[in-house]
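The values are calculated or read from the model by the stated rules, or taken from the named source; none is laboratory data. The structure presented is a predicted model; accordingly, all values stated were derived computationally and were not measured. Because the Cβ atoms are built from the backbone with ideal geometry, glycine has one as well, and the counts that use them run over all protein chains shown. These area figures cover heavy atoms from the full protein model, side chains too; ligands, DNA and RNA do not enter into them. Shrake-Rupley method; radii C 1.70, N 1.55, O 1.52, S 1.80 Å.
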Amino acid sequence: MTSSEGVDDDKRSTLRRFAALGATAPVAGLSETASADTGESDARDAISGYLSTTPGAHFSKIRDDLQLGTGETQHHLRQLEEQGAIERYRDGDYKRFVPADRFDEFEKRTLGYLRRDTPRGMLIELLLSSDSTAGDLADALEVSAPTVSKYAGELEGAGLLSREDGYAVERPETVLVLVVRHADSFGDRARRLARNADQFVAYEG
């Protein structure tokens, strides 16, 4: 059984790890006005650092990954928004967060879908092999054909996929850059793509 002290130590370690990234972000100056005793500086810098590596994360993921309370997370996100360090956007039932003024609307929509397992897998497989069929995608991702069809429709509606002649990723270079730049937050399939990204830079959809 983990002691409360152990939990607190783990939380502090997590916050400090991401705060080190956040210290170089626009919100770093908040540390001068936040109380060291309350840990507000660490928490805000950690959220800023976390979003620099995991843009498009939704509220619950931020809260859980940083081991913060619900009210604590709401408070710091609100403060960061008011400072102009981050921005939120609606993605269906989710409220997602990104560093401010860094992503255009297409990129924010893309990040939302890259944060979902099956759509992310579909986009990555199509970047790897532009002639993949619906059956190929279903086999590669171990999902049903109707599941692929469902998400293909969503991706097309969001402007990320064309189904005019098979499946083709829209603005593939942009999607590839997002996957590669934030591969560590997208899992093994994205990391494998990132290791061989130089082979796909000239890819044309």
In the stretch 90-103, which residue that is of a type outside the set (Lys, Arg) and touching a Phe, Trp or Tyr at 6+ places or on another chain (Cβ under 8 Å) is modelled with the lowest pLDDT? TYR94
Going through THR133, THR118 one at a time, which residue ends up being open to solvent by less than 40 Å² (accessible area, probe 1.4 Å) and outside the structural domain of PHE59 (by the TED database)? THR118
Can you name every residue in the stretch 82-114 that is basic (Lys, Arg) and open to solvent by 40 Å² or more (accessible area, probe 1.4 Å)? ARG88, ARG90, LYS95, ARG102, ARG109
Return yes when GLN79 is surrounded by fewer than 18 Cβ atoms within 10 Å (Cβ to Cβ) and not assigned by the TED database to the domain that holds VAL179 and no when it is not. no
GLY159 fails exactly one of the following numbered conditions: (1) in a helix (DSSP H, G or I); (2) touching a residue at least 40 places away in the same chain (Cβ under 8 Å). What is the number of that condition? (1)
Tell me, please, whether a residue that is modelled with pLDDT under 95 and assigned to a loop (DSSP other than H, G, I, E, B) can be found in the stretch 168-186. no
Within the stretch 189-201, does at least one residue satisfy the condition of being at pLDDT 95 or above, aliphatic (A, V, I, L, M) and surrounded by fewer than 18 Cβ atoms within 10 Å (Cβ to Cβ)? no
Hey, SER60 open to solvent by less than 40 Å² (accessible area, probe 1.4 Å) and not assigned by the TED database to the domain that holds VAL180 or not: no
Could you say whether any residue in the stretch 15-33 is farther than 21 Å from ASP101 by Cα, open to solvent by 50 Å² or more (accessible area, probe 1.4 Å) and either modelled with pLDDT of 95 or more or not in a helix (DSSP H, G or I) (or both)? yes
Residue pairs qualifying under the 9 Å Cβ cut-off, at least six apart or on distinct chains, with the first in the stretch 163-189 being farther than 11 Å from LEU127 by Cα and the second being open to solvent by 40 Å² or more (accessible area, probe 1.4 Å) and of a type in the set (S, T, N, Q), are GLY166/SER130; GLY166/THR133; HIS182/THR53; ASP184/THR53; SER185/THR53
Report the residue count in the stretch 90-146 for those that are β-branched (Val, Ile, Thr), more than 12 Å from the chain's Cα centre (by Cα) and assigned to a helix (DSSP H, G or I). 2
